[in-house]
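Read the structure below first, then the notes.
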Amino acid sequence: MELLLLRDAARELGVSYPTLKQWIYHQKIRSVRTAGGHHRIPRSEIDRLAFFGGTGKQPKTRPAPGLRPSEGLEHFISGRNQLIGRVSKVEIVGLLAKVVLDVGGQSVTAIITSDACRDLGLEKGQTAAALIKATEVMIIAPSPLKS
């Protein structure tokens with residue numbers, strides 16, 4: 001899990017250091033404390049806030065540097081099974097594109113049309129979301145030991 005210094009996280013989100021500290025105190029952003037008591041922001045939190053445009057409630061007034069803004073996307077999709085991550089690989093071969101998202105250290109792979117990939121402008125390092133749509137979700141657990 002990549003952890004960012006507060007000043008670096010604030011710069012990526014396009015907010016001031018004091019604003020970021022207030023977000024931590026008001027639990028609008030999750031932080032991790034070091035052994036010395038200093039706050040660090042997980043990369044996943046930066047991705048979450050950059051994707052949803054700020055705190056997730058109101059759009060940001062300016063985009064975060066290096067991140068493509070996608071303000072308001074959550075208002076246009078009824079599906080709520082979204083995994084937000086960062087594009088780690090894009091491979092276009094013929095009519096299809098393989099897009100791999102890093103979601104908290106786990107990889108989510110989607111095969112989409114190459115036209116859709118180009119239309120979305122998907123590139124390595126960009127923040128994006130995978131929308132999961134399924135009619136069934138199954139849980140598998142190991143069989144209990146019989147005594």
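Output the residue which, of all residues in region 101-136 that are β-branched (Val, Ile, Thr) and over 13 Å from the mean Cα position of the chain (by Cα), is surrounded by the fewest Cβ atoms within 10 Å (Cβ to Cβ).
To start, the set of residues in region 101-136 that are β-branched (Val, Ile, Thr) comprises 103, 108-109, 111-113, 127, 132, 135.
Retained after the next criterion (residues that are over 13 Å from the mean Cα position of the chain (by Cα)): 109, 111-113, 132, 135.
On the way: 109: 11, 111: 9, 112: 15, 113: 13, 132: 13, 135: 4.
The selected residue is 135.
Quick check: anything in region 56-68 in contact with a strand residue (DSSP E or B) (Cβ under 8 Å, 6 or more places away or on another chain) and either assigned to a loop (DSSP other than H, G, I, E, B) or modelled with pLDDT of 70 or more (or both)? Step through it out loud before you land on a result.
Step one: list which residues in region 56-68 are in contact with a strand residue (DSSP E or B) (Cβ under 8 Å, 6 or more places away or on another chain), which gives 67-68.
Cutting the leftovers down to either assigned to a loop (DSSP other than H, G, I, E, B) or modelled with pLDDT of 70 or more (or both) gives us 67-68.
Yes, region 56-68 has at least one match.
Going through region 97-147 one residue at a time, which ones are assigned to a loop (DSSP other than H, G, I, E, B), in contact (Cβ under 8 Å) with a residue 24 or more places away in the chain and of a type in the set (Val, Ile, Thr)?
The one that is assigned to a loop (DSSP other than H, G, I, E, B), in contact (Cβ under 8 Å) with a residue 24 or more places away in the chain and of a type in the set (Val, Ile, Thr): 132.
Tell me, yes or no, whether region 70-87 has at least one residue that is acidic (Asp, Glu) and at pLDDT below 90. Give the steps one after another, and end with the answer.
At the first step, the residues of region 70-87 found to be acidic (Asp, Glu) are 71, 74.
Subsequent filtering for residues that are at pLDDT below 90 retains 71, 74.
Yes, there is a match, as at least one residue in region 70-87 is acidic (Asp, Glu) and at pLDDT below 90.
Scan region 1-15 for residues that are part of a helix (DSSP H, G or I) and in contact (Cβ under 8 Å) with a residue 40 or more places away in the chain and jot them down.
Kept after step one, since they are part of a helix (DSSP H, G or I), are these residues of region 1-15: 6-13.
Once the filter is applied, which keeps residues that are part of a helix (DSSP H, G or I) and in contact (Cβ under 8 Å) with a residue 40 or more places away in the chain, region 1-15 yields 11, 12, 13.
Of the residues that make up region 16-27, is at least one closer than 16 Å to residue 125 by Cα, modelled with pLDDT of 85 or more and either in contact with a Lys or Arg (Cβ under 9 Å, 6 or more places away or on another chain) or assigned to a strand (DSSP E or B) (or both)? Can you show your working first?
Taking region 16-27 first, the residues closer than 16 Å to residue 125 by Cα are none.
Checked region 16-27: no residue is closer than 16 Å to residue 125 by Cα, modelled with pLDDT of 85 or more and either in contact with a Lys or Arg (Cβ under 9 Å, 6 or more places away or on another chain) or assigned to a strand (DSSP E or B) (or both).
Is at least one residue of region 42-53 in a strand (DSSP E or B), modelled with pLDDT of 90 or more and either assigned by TED's automatic domain parsing to the domain that holds residue 127 or closer than 24 Å to residue 137 by Cα (or both)?
Within region 42-53, the subset in a strand (DSSP E or B) is 42.
Going one step further and asking which of them are modelled with pLDDT of 90 or more, we end up with 42.
Those still in the list that are either assigned by TED's automatic domain parsing to the domain that holds residue 127 or closer than 24 Å to residue 137 by Cα (or both) too: none.
No.
The values are calculated or read from the model by the stated rules, or taken from the named source; none is laboratory data. A quick note: this is a predicted structure, and the numbers were derived from the prediction, not measured. Because the Cβ atoms are built from the backbone with ideal geometry, glycine has one as well, and the counts that use them run over all protein chains shown.
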